[in-house]
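What follows is a structure written as structure tokens; I'll ask about it next.
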Amino acid sequence: MSNITVCARFRPLSSKERSNHDDNVCVHSIDTENFIFKDEKEEDFKFSFDRVFYEKSEQAEVYEFLALPILGDAINGINGTIITYGQTGAGKTYSMEGPSIVECDEKRKGLVQRTVDGLFEYIKSSDESVKYMIKLSMVEIYMEKVRDLFDLSKDNIQLKESRVQGILLSGVTEISVFNSGEALQNLASGIANRAVGETQMNMASSRSHCIYIFTVQQEFTKEKRMKAGKLVLVDLAGSEKAEKTGAEGRVLDEAKTINKSLSALGNVINALTCGPPGKTNHIPYRDSKLTRILQDALGGNSRTALLCCCSPSCSNASESLSTLRFGTRAKHIKASPHAYHCSEENNVKKHGTCYTTKDESSERILTKLREKLDVEEVKLLEELFTLEGIFFYPNSVEDLKLAYEDVTLRTIVSLQQAVEELVCTVEVLKSENNTLKARIVAAAESIEALHKEARQNGNASVLHKIFDLNQFVSWIWPFSPTKC
Ligand SMILES: Nc1ncnc2c1ncn2[C@@H]1O[C@H](COP(=O)(O)OP(=O)(O)OP(=O)(O)O)[C@@H](O)[C@H]1O
């Protein structure tokens, strides 16, 4: 079991902090892993992290230490999660996206752009017998609702749990991308859809938790085998004190929701690290959408890294101290991620239990299953799973069952979506129908009036035209009230 990687990052002082002459820097570096933090009361606290990035650290350093190893694992089928945490204005979004996702010089590119570049560079240099597919999804959790940033009509995505793939975002848009440029353009359009507001602490403050999901699928054409890993980047909304940020009205409601979900995250971390020894205690993942989505990352089924972003200024000392304490606690979480679907030689480790394919009992069950299912049925199932992007270990009954459950779940979700779409189409058609009926009634009434007038004046040619029009209306709508 390895711990999750926890790093601290201090951004440079902002111009506002610099202009305040009473404001001092409260971080005193010891080395790349340790520092002394001085709070407002001049009390010293020593902190140790896997790596500390001080004010002058480069974006590339953060990527290489924090993200690169996780990216390598995701390519090898092990899920990875990278989270930026901290007070509003502490540099979370800067670390993730740099100043802008597309228009950004090489030096200031954030974790997202570097991850995209890293993935495509790896694909370029890889063996030609392996086919890669990169898919992107992007959601935000805004006011406790999960919104699809690639399709804003999906504004309340439901979370489902699959025993094979963990927590799934039901029906979320997945975009296949084939090069860095295309990926970044798509991500930029997702970012443009984010809920951003202005607070006294940050001109462009994220009012939501933003989640980038990269799915890396590999198909080993020779061995007819597939593998997939997910890399999830999470830019959390900033924790904030209402009186300090000047929040009121909607901004205050947003802040309350953000703080509530961040405290749910803190509770999950406390439960994971403070449980009674030898006992499995309840972990309150279901208390918020954020903790539910991060369940795999925190529960151990993912390689996870946490970047604790802080202001170096004494004026923000209490918030920075709380961020650093959060990081210290998270450091004690144990993780034991496993490959999502692995090679035939490997043992598969799942849900804390390890079993071998040659295990006597599973072999016995398998033989029975093979006797019951005909070969054609098994082949069809395999084909269906591959089409659905579900990868399973075909010699394991357990995986076969789980993959079958997943297909059923996906089919239900897509059928539900189809029904929803049909209901919408019926509504549109009904309303169009009503408009047409109203128009026909109005036309029929005008014809009736004209008809009366022409008969009174004895105008034969007008009467003839009216007769034609009446025929036409009756043809379109046989229940028209006009009669010749
Ligand atoms: N390492 C850094 N180097 C230079 N500028 C930085 C750095 N980190 C943050 N900044 C600047 O500080 C400001 C606030 O940063 P950012 O928007 O990333 O904060 P945040 O933590 O995402 O805030 P919020 O939670 O409100 O969205 C931005 O103007 C950003 O450019």
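Quick one: Gly89 ticks every box in (1) under 20 Å from Gln218 (Cα atoms); (2) part of a loop (DSSP other than H, G, I, E, B); (3) of a type in the set (Gly, Ala, Ser) bar one, so which box is it?
(1)
Let me ask something else. Could you list, ordered by first residue, the pairs with Cβ atoms under 6 Å in which the first is in the range 84-101 and hydroxyl-bearing (Ser, Thr, Tyr) and the second is open to solvent by 10 Å² or more (accessible area, probe 1.4 Å) and near the ligand (Cβ under 6 Å from one of its atoms), at least 6 apart or interchain?
Going by the 6 Å Cβ cut-off, the qualifying pairs are Thr84/Lys92; Thr88/Asn202; Thr93/Ser206.
Given Asn433, Asn395, which one is open to solvent by 70 Å² or more (accessible area, probe 1.4 Å) and either more than 17 Å from Lys154 (Cα to Cα) or at pLDDT 70 or above (or both)?
Just a single option satisfies the conditions, and that option is Asn433.
If we scan the range 133-141, do we find a residue that is buried (at least 16 other Cβ atoms within 10 Å of the Cβ), touching a His at 6+ places or on another chain (Cβ under 6 Å) and modelled with pLDDT of 90 or more?
Yes - at least one qualifying residue is present in the range 133-141.
Quick one: would you say Ser137 is among the polar types (S, T, N, Q), away from the ligand (no atom under 12 Å from the Cβ) and assigned to a loop (DSSP other than H, G, I, E, B)? It would help to see each step written out before you state the result.
Details: among the polar types (S, T, N, Q): yes; away from the ligand (no atom under 12 Å from the Cβ): yes; assigned to a loop (DSSP other than H, G, I, E, B): no.
The answer is no for Ser137.
Results for (1) under 22 Å from Ala330 (Cα atoms); (2) not polar (S, T, N, Q), shown as yes or no for each residue.
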| residue | (1), (2) |
| --- | --- |
| Ser15 | no, no |
| Lys38 | yes, yes |
| Ala60 | no, yes |
| Asn79 | yes, no |
| Thr93 | yes, no |
| Glu97 | no, yes |
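How about the range 170-222: which of its residues are modelled with pLDDT of 90 or more, within 16 Å of the ligand (Cβ to nearest atom) and of a type in the set (Ser, Thr, Tyr)?
Hit for the range 170-222 is Tyr212, nothing else.
Could you give every pair whose Cβ atoms fall below 8 Å, whose first residue belongs to the range 126-141 and is without any contact (Cβ under 8 Å) to a residue 12 or more places away in the chain, and whose second residue is hydrophobic (A, V, I, L, M, F, W, C) and surrounded by fewer than 16 Cβ atoms within 10 Å (Cβ to Cβ), counting only separations of at least 6 or pairs across chains?
Sorted first by the residue in the range 126-141, then by its partner, the list stays empty.
Could you run through the range 20-76 and say how many residues are in contact with a strand residue (DSSP E or B) (Cβ under 9 Å, 6 or more places away or on another chain), surrounded by fewer than 18 Cβ atoms within 10 Å (Cβ to Cβ) and of a type in the set (A, V, I, L, M)?
3
Being open to solvent by 10 Å² or more (accessible area, probe 1.4 Å) and assigned to a helix (DSSP H, G or I) is the filter; apply it to the range 92-103 and report the residue that is farthest from the ligand (Cβ to nearest atom).
Top of the filtered list is Glu97.
May I pose another question? Suppose we keep only residues that are modelled with pLDDT under 80 and more than 13 Å from the ligand (Cβ to nearest atom) within the range 227-245. Which one would you say is most open to solvent (accessible area, probe 1.4 Å)?
Looking at the filtered set, the residue picked out is Glu243.
May I ask you to verify whether Val116 is more than 9 Å from the ligand (Cβ to nearest atom), assigned to a helix (DSSP H, G or I) and at negative phi?
Values: more than 9 Å from the ligand (Cβ to nearest atom): yes; assigned to a helix (DSSP H, G or I): yes; at negative phi: yes.
When the stated conditions are applied, Val116 passes them.
Among the strands (runs of 3 or more DSSP E) lying completely within the range 12-77, list those that include at least 1 residues that are touching a Phe, Trp or Tyr at 6+ places or on another chain (Cβ under 9 Å), within 16 Å of the ligand (Cβ to nearest atom) and within 24 Å of Val232 (Cβ to Cβ).
The strands (runs of 3 or more DSSP E) meeting that bar are 51-53.
The values are calculated or read from the model by the stated rules, or taken from the named source; none is laboratory data. Here the structure is a predicted model, which is why all the values come from computation and not from measurement. Note that we place each Cβ from the backbone using ideal geometry, even for glycine, and neighbour counts take in every protein chain shown. Keep in mind that these areas ignore ligands, DNA and RNA; they rest on the heavy atoms of the full protein, side chains included. Shrake-Rupley method; radii C 1.70, N 1.55, O 1.52, S 1.80 Å.
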